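**Student:** So that we are looking at the same thing, I have put the structure below in structure tokens.
The values are calculated or read from the model by the stated rules, or taken from the named source; none is laboratory data. Small disclaimer: the values here were computed from a predicted structure and weren't measured. Cβ placement follows ideal geometry from the backbone for every residue including glycine, while neighbour counts extend to all protein chains displayed. In case anyone asks, the SASA skips ligands and DNA or RNA and just uses the protein heavy atoms, side chains included. Shrake-Rupley method; radii C 1.70, N 1.55, O 1.52, S 1.80 Å.
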Amino acid sequence: MDIRERIVKACRDLATEQGLQGFTMDELAQRAGVSKRTVYRYFDSKESIIEASLEQFMSEAATRAEDLLAQNKLPAVFIQNGLNYLSSQGQFIINPSTLSDLRLYYPQLWDKIDDFRIKQLRKVLDQIMTTHPTYLQNIDPSILSTVIVAAIQNVLNPTFILENNLTFEETARQLSLILTALFQ
């Protein structure tokens, strides 16, 4: 693992444990096994490290979604596998501290995540409607994708989760039950 990757991994690990605002650059450098000066050689700010961590995760998640879509599994299986991946690999994003920090201190990064998840969702829905045309066959795909995107935007977001004292995992599980019921 090169130095940049170690710094990004350290950021993800610390964010999982403490949230995005909970760790210092000194702690990050120590966790990565490099000097603070080295961290700044690769990144100009804490925010740029957080952004790189998010971008790396989004790239990995997009690849995982493509792999799952290529397996052409039933929609309910795809949804469950996707949520399992997010829960196991995305802890640094989905823990309550990070969600709160994104909302309060990094709203532009939350917007970036939101755009990403909407784009991925539309891609997944298009694939499902193409490969499994019997599911919801009388519903226009643009209406279906808009309804599902709206549900996700309004339920699976930091404000809703934090205001209702929920966890990301429980919210995602409940939402996946609703969504998978659509494809039964």
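**Student:** Taking the residues in the stretch 128-145 that are not charged (D, E, K, R) and not in a helix (DSSP H, G or I) as candidates, determine which candidate is most open to solvent (accessible area, probe 1.4 Å).
**Tutor:** Asn138
**Student:** When you look at Val155, is it at pLDDT 80 or above, open to solvent by less than 50 Å² (accessible area, probe 1.4 Å) and either at negative phi or charged (D, E, K, R) (or both), yes or no? Before the answer, list the steps.
**Tutor:** Working: at pLDDT 80 or above: yes; open to solvent by less than 50 Å² (accessible area, probe 1.4 Å): yes; either at negative phi or charged (D, E, K, R) (or both): yes.
Against the criterion (at pLDDT 80 or above, open to solvent by less than 50 Å² (accessible area, probe 1.4 Å) and either at negative phi or charged (D, E, K, R) (or both)), Val155 qualifies.
**Student:** Only one of (1) surrounded by 13 or more Cβ atoms within 10 Å (Cβ to Cβ); (2) of a type in the set (Val, Ile, Thr); (3) in contact (Cβ under 8 Å) with a residue 40 or more places away in the chain; (4) out of contact with any Pro (no Cβ under 9 Å at 6 or more places or on another chain) fails for Ile148. Which number is that?
**Tutor:** (3)
**Student:** Conditions: (1) in contact (Cβ under 8 Å) with a residue 12 or more places away in the chain; (2) open to solvent by less than 70 Å² (accessible area, probe 1.4 Å). Ser45 meets all but one. Number of the miss?
**Tutor:** The number of the failed condition is (1).
So that you can scan it fast, the table gives a plain yes or no per residue for (1) touching a Ser or Thr at 6+ places or on another chain (Cβ under 9 Å); (2) touching a residue at least 40 places away in the same chain (Cβ under 8 Å); (3) open to solvent by less than 70 Å² (accessible area, probe 1.4 Å):
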residue: Ser53; (1), (2), (3): no, yes, yes
residue: Met58; (1), (2), (3): no, yes, yes
residue: Asn72; (1), (2), (3): yes, yes, no
residue: Ala76; (1), (2), (3): yes, yes, yes
residue: Gln89; (1), (2), (3): no, no, no
residue: Asn95; (1), (2), (3): yes, yes, yes
residue: Ser100; (1), (2), (3): no, yes, yes
residue: Pro107; (1), (2), (3): no, no, yes
residue: Asp111; (1), (2), (3): no, no, no
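**Student:** If Leu125 satisfies every condition in (1) open to solvent by 60 Å² or more (accessible area, probe 1.4 Å); (2) at pLDDT below 80; (3) of a type in the set (A, V, I, L, M) but one, which is the exception?
**Tutor:** Of the numbered conditions (1) open to solvent by 60 Å² or more (accessible area, probe 1.4 Å); (2) at pLDDT below 80; (3) of a type in the set (A, V, I, L, M), the odd one out for Leu125 is (1).
**Student:** Taking into account only those residues within the stretch 16-35 that are under 23 Å from Ser100 (Cβ atoms), at pLDDT 95 or above and assigned to a helix (DSSP H, G or I), which is least open to solvent (accessible area, probe 1.4 Å)?
**Tutor:** Within the stretch 16-35, the match that is least open to solvent (accessible area, probe 1.4 Å) is Leu28.
**Student:** Kindly provide the set of residues from the stretch 36-67 that are basic (Lys, Arg), at pLDDT 95 or above and more than 23 Å from Arg103 (Cβ to Cβ), ordered by number. Break it down stepwise before answering.
**Tutor:** Filtering the stretch 36-67 down to residues basic (Lys, Arg) leaves 36-37, 41, 46, 64.
With the extra rule that they be at pLDDT 95 or above, the set shrinks to 36-37, 41, 46.
Within the stretch 36-67, Lys36, Arg37, Arg41 meet the criteria.
**Student:** Any chance you could count how many residues in the stretch 36-77 are more than 22 Å from the chain's Cα centre (by Cα) and in a helix (DSSP H, G or I)?
**Tutor:** Qualifying residue count for the region: 7.
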